[in-house]
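Accompanying notes for the structure given below.
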Amino acid sequence: MRTSTRRSHRVMALAAVAAMTTGLLAGCASDDEDSSSNANDGGSAKGDITLTVGTFGTFGYKQAGLYDEYMKLHPEINIKENVTTRTDVYWPKVLTRLQAGSGTDDVQAIEVGNITEAVQTQADKFVDLGKEVDKSQWLDWKNAQATTKDGKQIALGTDIGPMAICYRKDLFAKAGLETDRTKLAQMWQGDWSKYVDVGKQYMKNAPAGTKFVDSASSVYNAALGGAEQRYYDKDGNVIWDKSTGVKKAWDTAMQVATSDMSAKLKQFDKPWDQGFANAKFATVACPAWMMGYIQEKSGDSGKGKWDVAAAPTAANWGGSFIGVPKASKHQKEAIALAKWLTAPEQQEKVFAKQASFPSTPSAYPNLKPLADTKAYFSDAPITEIYSDAAKTIPTQYFGIKDQPIGTAITDVGILQVEQKGKSPEQGWEAAGKEIKDVLGQ
């Protein structure tokens with residue numbers, strides 16, 4: 001997702017490995033930060049109507065051949081994809097164009113970190129796609145993220161980021177721990193504190209130079225990803241300091257931060273990448289899209305040594321949507337394209353190309369992981385693990401300042417404890433001060 005925020009980090013990561021990514025809105029091809037291409041790579045429009053699709057990063061539609069397939073089915077349509085490579089350029093530009101009522105693409109991608117802002121402040125700028133589709137095709141909680149209080153659904157779900165635990169079974173074996181994925185999942189099932197307890201066991205006989213987990217922030221984000229209550233309530237009120245989900249995730253993270261089980265690495269920084277390559281930690285909270293990142297950073301030496309087990313609780317990290325701005329000059333055709341691109345059959349094809357995990361449950365029985373990925377992760381039943389998690393993730397309420405609040409807790413509060421030796425109370429206080437600045441209090 002990639003600056004100091006979790007999402008900003010992930011975006012850079014996904015772009016770097018060309019793995020399963022989600023996207024955000026793109027702007028016009030004339031901007032310096034944009035790139036554009038005709039989907040048919042022919043360099044000339046074949047159809048009478050040209051539809052533009054704005055995306056962020058590698059969305060997978062072009063790579064999976066979906067644009068070419070759609071144009072063959074609809075000879076009157078030509079598709080051009082506009083790609084913005086940077087989040088910090090992308091979203092402000094999109095907001096400007098939505099407000100102006102011009103310059104948007106016909107189909108526009110929206111990342112999960114921005115969907116709440118889009119729903120709360122830009123809903124009148126998007127077509128209500130909920131009226132155009134059978135909403136039961138998507139996970140209920142995914143639909144809910146893109147739906148206004150009065151029931152208008154401004155976008156359709158693309159990928160999601162269901163959570164698992166990726167672990168080095170070779171390091172577990174050396175530490176004298178269970179290596180079977182099913183038995184491990186049973187050991188920590190239902191509570192992230194049980195996962196921490198396994199970490200304590202690991203550290204008793206940890207292979208030299210290794211830690212149980214990459215960072216306390218990783219554990220915090222994973223635990224919060226499965227909590228019903230985050231930083232905002234359903235009415236949009238800020239409740240970060242009263243949230244039961246935040247409190248439990250923080251307490252769990254503090255167990256890690258005040259122990260010797262963390263490698264104390266900041267996710268997506270270079271030392272974290274090197275930690276994968278050098279097998280410095282035995283586990284990492286692992287949304288589906290991270291598997292490609294692990295393969296890239298661990299390299300050939302990690303093949304067959306990584307495995308995947310169900311996470312303590314069902315959780316989500318990541319995912320995107322596509323919507324149709326009312327400013328589209330070809331609204332009817334854009335709606336048809338958006339519906340087709342997000343249909344289960346097309347989500348299956350994107351998964352087959354780059355493992356972006358679908359938000360449409362009917363696709364799950366047909367998913368076929370990439371052969372290299374399956375072999376790399378010890379032939380783990382990847383689709384079963386992630387699809388089981390996806391079906392039970394709770395509906396969560398996000399707010400406009402969700403990302404900066406989360407960043408204040410992880411990059412200020414938790415790091416104060418984990419890397420600077422401050423007490424949990426001091427870390428919480430430091431995070432609180434940063435959050436008040438973010439909220440203008």
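Checking G157, G130 one by one, the residue that is buried (at least 16 other Cβ atoms within 10 Å of the Cβ), farther than 30 Å from C286 by Cβ and in contact with a helix residue (DSSP H, G or I) (Cβ under 8 Å, 6 or more places away or on another chain) is G130 and no other. Counting only residues that are modelled with pLDDT of 95 or more, among the polar types (S, T, N, Q) and in a loop (DSSP other than H, G, I, E, B), region 326-373 holds 4 of them. For region 292-325, taking the residues that are in a loop (DSSP other than H, G, I, E, B) and in contact with a Leu (Cβ under 9 Å, 6 or more places away or on another chain), the one that is farthest from S102 (Cα to Cα) is identified as K305.
If the condition is being surrounded by 16 or more Cβ atoms within 10 Å (Cβ to Cβ) and β-branched (V, I, T), then region 169-194 contributes only T179.
So in region 98-114, with the set limited to residues that are closer than 22 Å to K332 by Cβ and under 22 Å from the mean Cα position of the chain (by Cα), which one is surrounded by the most Cβ atoms within 10 Å (Cβ to Cβ)? Looking at residues that are closer than 22 Å to K332 by Cβ and under 22 Å from the mean Cα position of the chain (by Cα), I get Q108.
Within region 388-441, being surrounded by 15 or more Cβ atoms within 10 Å (Cβ to Cβ), of a type in the set (K, R) and under 25 Å from the mean Cα position of the chain (by Cα) holds for one residue alone: K401. Look at S378 and say whether it is closer than 23 Å to F276 by Cα and touching an Asp or Glu at 6+ places or on another chain (Cβ under 7 Å). Taking the combined requirement at face value, the residue satisfies it.
Taking the criterion of being at pLDDT 95 or above and surrounded by fewer than 17 Cβ atoms within 10 Å (Cβ to Cβ), the residues of region 71-88 that qualify are K72, L73, P75, E76. Give region 199-254 a look and list any residue that's of a type in the set (K, R) and either closer than 23 Å to P424 by Cβ or touching a His at 6+ places or on another chain (Cβ under 7 Å) (or both), or say none. Correct list: K200, K211, R230, K242, K247, K248.
Okay, residues lined up against (1) in the same structural domain as K349 (by TED's automatic domain parsing); (2) over 20 Å from the mean Cα position of the chain (by Cα); (3) part of a loop (DSSP other than H, G, I, E, B); (4) surrounded by fewer than 24 Cβ atoms within 10 Å (Cβ to Cβ):
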site	(1), (2), (3), (4)
G60	yes, no, yes, no
E69	yes, yes, no, yes
Y90	yes, no, no, no
T96	yes, yes, no, yes
T116	yes, no, no, yes
Y167	no, no, no, no
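Could you please let me know if K266 is of a type in the set (D, E, K, R) and buried (at least 18 other Cβ atoms within 10 Å of the Cβ)? So K266 fits the description; yes.
The values are calculated or read from the model by the stated rules, or taken from the named source; none is laboratory data. What you are looking at is a predicted structure, and each value in this text was computed from that prediction instead of being measured. Using ideal geometry, Cβ is built from the backbone for each residue, glycine included, and neighbour counts are taken over all protein chains shown.
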